[in-house]
Structures are given as structure tokens and as C-alpha cells.
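Please treat every number below as a calculation from the coordinates, not as lab data. These numbers were taken from a predicted model, which means no experiment stands behind them. Please note: Cβ atoms are built from the backbone with ideal geometry, for glycine as well, and neighbour counts cover all protein chains shown.
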Amino acid sequence: MKKLVLLFTALLSVAVLSSCSDDDSDNNNNNNTTTASVITVANLRSYVGQSNSQISSSITSKGYVLTSSEVQENGAKTYAYTSSTSGAACSIMEYNNIIFGAYYTLVGTDQSSQLSLFKTLSNEAYSIYTSIVHDYASTILTTEPQEFTSHQNFISAINSSTGILTCMEAFNVLDQDGELTSMTQLMYLSSNIASKGFGSVTVSYTDYTIPSPLDIK
């Protein structure tokens, strides 16, 4: 559970940074009629294991532009793709020319559409993992946190809840020794508690079997 909290903290950081970036670039999807395509869970999973140069055209074809690339102190390289017509962004994490993690974030103020997108991506992740042995965890925060061990119960609770502040979900794949090998994470953050009034939906896929500076053990 400690690992899960730390990884969701990383997801939250991505969402907040995307919110700030979107706000600074005169911006958001309230004044635009064209939006970049949603980057799905399947898309993110397909990027990992390749190099950024191999998948860059796939991302840009969906309406994104490579806006920055940065080498971290640990040797990892982060590529940021953003949409000029919506609060959508994709972050690629690469080490030794191999992508080990990929994130998609959509920032905006329409809570209803964002929660709908979260459920769509959540259901997609569930459909992918029905054929993969995995551990599962999810949480809904309204006035009190609710924890779930079933995707179906999680989605049912979202549909019947009001005043949701955040939803978090993780599909964890473990090896025979119980070590985490990969994870798909999803998070919805309500504009009621998010930075500058912008809510967000964030989804990520990380493969811990690929050599990288990550150490979660």
C-alpha cells in the first residue's frame, strides 16, 4: 500500500503540473472547438518498451506537439507532448532509449465530462486486465474515503456517489516472488480541490522490468 500511495502521489504531481502549464498558455478547452484525441490505456501500453523516436509520430498524429524534452539527474529523459487546443498532455519517460513509463492527462473545468472520461478509461483498463493476472486497488474520496477490491463495485459507487473529490485506481502485475512488475494507474481529481479550479484525469502505465532509475522495492 505504501508503494501505491507513493505512485499516486507521482500521478498527482503530473496532474498539477499539467494544470499549471495549461493555465499559463492561454488556454483551456473552454474557448476551443477542436481537441486532441484521447490517449488510451492501450496506447500508453504500446508506447512502453519502444523509444520516443519510434512512437513520436503516433502521438503527434493525435493532435499533440512535442513541447519539451529534459534529461533528469538520474539519466532518465522526459518528453512532454501537449495540445494547443485543449488541456491534454502526454509525458514519456525514457531511459537508455527505452520508454519505461507513459502518462496521459486532461485538465479542464467540466467535472461531468472528466468523470465520464475517467470511467471510460477505467473500464478500458479493466477489459485489458481481465486476461492478465493482477492485484487491484481503488479508492473514492467524498466526505470519507471508500476503498474497493472490485472494479465493478468501484464503478457502481462512482455512479451512485455525489460530491466526489477524487477517484484512484490501480491494476498491479506481480511476479512469482510478489514483486511489482508493471502498473496501470488512473486518477480523477475534482476541480473543487485542484489547483486554480482545474480538475484533471490522469492515466499512466509503467513497466518496472525495463531498466530505469525507478526503485520501488
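Observations, loosely collected:
- Ranked by how many other beta carbons lie within 10 Å on average, peptides 140-146, 98-104 from highest: 98-104, 140-146
- Working note: Karplus 6.51/-1.76/1.60 with θ = phi - 60° gives region 45-54 the couplings 4, 6, 6, 5, x, 9, 9, 4, 4, 6 Hz, where Gly and Pro are set to x.
- Ile193-Gln72 FRET efficiency (beta carbon distance; Förster radius 25 Å; 0.05 resolution): 0.30
- Working ranking of peptides 57-67, 128-138, 36-46 by packing, defined as the average number of other Cβ atoms within 10 Å per residue, highest first, is 36-46, 57-67, 128-138.
- A simple spin-label model places pseudo-atoms 7 Å from Cα toward Cβ; at His134 and Gln54 they are separated by 2.2 nm.
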